[in-house]
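To start, the structure itself, in structure tokens.
The values are calculated or read from the model by the stated rules, or taken from the named source; none is laboratory data. Given the structure is predicted, the values throughout are model-derived calculations rather than measurements. Every residue, glycine among them, receives a Cβ derived from its backbone with ideal geometry; neighbour counts consider all protein chains shown. Heads up: the accessible areas ignore ligands, DNA and RNA and are worked out on the full protein's heavy atoms, side chains in. Shrake-Rupley method; radii C 1.70, N 1.55, O 1.52, S 1.80 Å.
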Amino acid sequence: QAGKAFRKFLPLFDRVLVERCAAETVTKGGIMIPEKAQGKVLQATVVAVGSGARGKDGEIHPVSVKVGEKVLLPEYGGTKIVLEDK
């Protein structure tokens, strides 16, 4: 479902559109983690990738990640957008 919403929003050049992974609410031992104690999730799945950046020589250099890969996010980087309640 998320893929359909994000297909309308395609990144340009060397930009990457990611969807943040859900925070874990239960530990491996079965203990429920309260919402306030959960840390900020810094892992995401790549949803869409731009065509690449244009170099000084005029050639397009493709982005090194592909759709479906898991990536790590910087703590304060990126721009948050909302598409169809996602």
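Data overview
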{"quantity": "Tally, over the stretch 34-55, of residues that are part of a loop (DSSP other than H, G, I, E, B) and within 19 Å of Leu12 (Cβ to Cβ)", "calculated": "4"}
{"quantity": "Candidates Ala44, Ala22, filtered to the one that is under 25 Å from Gly77 (Cβ atoms), of a type outside the set (S, T, N, Q) and open to solvent by less than 40 Å² (accessible area, probe 1.4 Å)", "calculated": "Ala44"}
{"quantity": "Unique residue being modelled with pLDDT under 85 and either more than 23 Å from Val82 (Cβ to Cβ) or part of a loop (DSSP other than H, G, I, E, B) (or both) when the list is Gly30, Gly3", "calculated": "Gly30"}
{"quantity": "Considering residues of the stretch 66-86 that are of a type in the set (A, V, I, L, M) and either assigned to a strand (DSSP E or B) or within 21 Å of Lys8 (Cα to Cα) (or both) only, the residue most open to solvent (accessible area, probe 1.4 Å)", "calculated": "Leu72"}
{"quantity": "Cβ-Cβ under 8 Å pairs, at least 6 apart or on other chains, the stretch 66-86 side farther than 16 Å from Thr45 by Cβ, far side open to solvent by 100 Å² or more (accessible area, probe 1.4 Å) and assigned to a loop (DSSP other than H, G, I, E, B)", "calculated": "Glu75/Lys40"}
{"quantity": "Selected residue (criterion: surrounded by the most Cβ atoms within 10 Å (Cβ to Cβ)) from residues of the stretch 47-65 that are touching a residue at least 40 places away in the same chain (Cβ under 8 Å) and closer than 24 Å to Lys86 by Cβ", "calculated": "Val47"}
